[in-house]
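*Asks:* Sharing a structure here in structure tokens format.
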Amino acid sequence: MNTYFAGERTFEETYTFIFGNPMLAKEMLKQNMEVGLYLPPKFLVQEDLKTGGPRVLYNPPTAWLGEGVSDELMAVLELAETKLEEFFRRVLV
């Protein structure tokens, strides 16, 4: 994302990452194919100009499909969300 501005540094340095867990994705898709709109998960790591540290932006899996999700799918979404949060905590500390 940073290369689009030909070296002009008027914004936060930002990187997009895509990753996922194929086993969790398979379980999610078995429950509801609409979750495929959000797989694999993406997140942005952006420089926080105030603190100088990183800021992580992403849509939590439990928010992907809104209300009315089956209990089985919600359990897998919650597991995915927990794994993402654990990953971010380990990487950003």
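The values are calculated or read from the model by the stated rules, or taken from the named source; none is laboratory data. Bear in mind that the values here come from a model prediction, so they are computed numbers and not experimental data. For neighbour counting, all protein chains shown are included, and Cβ atoms are generated from backbone atoms with ideal geometry for every residue, glycine included. Ligands, DNA and RNA are excluded from the accessible area calculation, which covers all protein heavy atoms including side chains. Shrake-Rupley method; radii C 1.70, N 1.55, O 1.52, S 1.80 Å.
*Asks:* Write down the Å³ per residue value for the convex hull defined by the alpha carbon atoms of the chain.
*Replies:* Values: hull volume 10.8 nm³, N = 93.
It comes to 116 Å³ per residue, whole-number rounded.
*Asks:* Could you work out how far helix 22-31 tilts from the main Cα principal axis of the chain, as a 0 to 90 degree angle to the nearest 10?
*Replies:* Long axis of 22-31 versus the principal axis of the chain: about 50 degrees.
*Asks:* Here is a further query. From the helices alone, meaning DSSP H stretches of at least four residues, give me the mean residue ellipticity at 222 nm for the chain, per-run term -39500 (n - 2.57), in deg cm²/dmol to the nearest 500.
*Replies:* Numbers: 2 runs with 32 residues, N = 93.
Taken over the chain, the calculation gives -11500 deg cm²/dmol.
*Asks:* Something else now. Is the stretch 46-93 best put as rounded, prolate or oblate by its Cα gyration tensor, with a ≥ b ≥ c the root eigenvalues, rounded for a/c under 1.5, and otherwise prolate when a/b is larger than b/c, oblate when not? Working shown, then result.
*Replies:* Working: a/c = 6.12, a/b = 2.20, b/c = 2.78.
Cα axes put the stretch 46-93 in the oblate bin.
*Asks:* Measure off, as a whole percent, the carbon and sulfur share of the 1.4 Å-probe accessible area of the chain, all protein chains present. Walk me through the numbers on the way to the answer.
*Replies:* Values: 3820 of 6820 Å².
Answer for the chain is 56 percent, counting heavy atoms of protein chains only.
*Asks:* What order do Phe17, Phe87, Phe11, Phe43 take when sorted by accessible area (1.4 Å probe), most exposed first? List each step's numbers first, then the result.
*Replies:* Details: Phe17 95, Phe87 70, Phe11 45, Phe43 15 Å².
Largest accessible area first, the list is Phe17, Phe87, Phe11, Phe43.
*Asks:* While we're on this one: Per residue, how much accessible surface does the stretch 46-93 expose to a 1.4 Å probe? Answer in Å², no decimals. List each step's numbers first, then the result.
*Replies:* Working: 3320 Å² over 48 residues.
That works out to 69 Å² per residue.
*Asks:* Let me ask you something else. For a protection proxy built on the mean count of beta-carbon atoms within 10 angstrom, sort 50-60, 31-41 highest first, please.
*Replies:* On the way: 50-60: 11.5, 31-41: 15.2.
For the peptides 50-60, 31-41, the packing ranking is 31-41, 50-60.
*Asks:* Within straight cross-link reach of Lys26, meaning Cα distance under 24 Å, which lysines are found once same-chain residues fewer than 8 apart are removed?
*Replies:* Lys26 reaches Lys42, Lys83.
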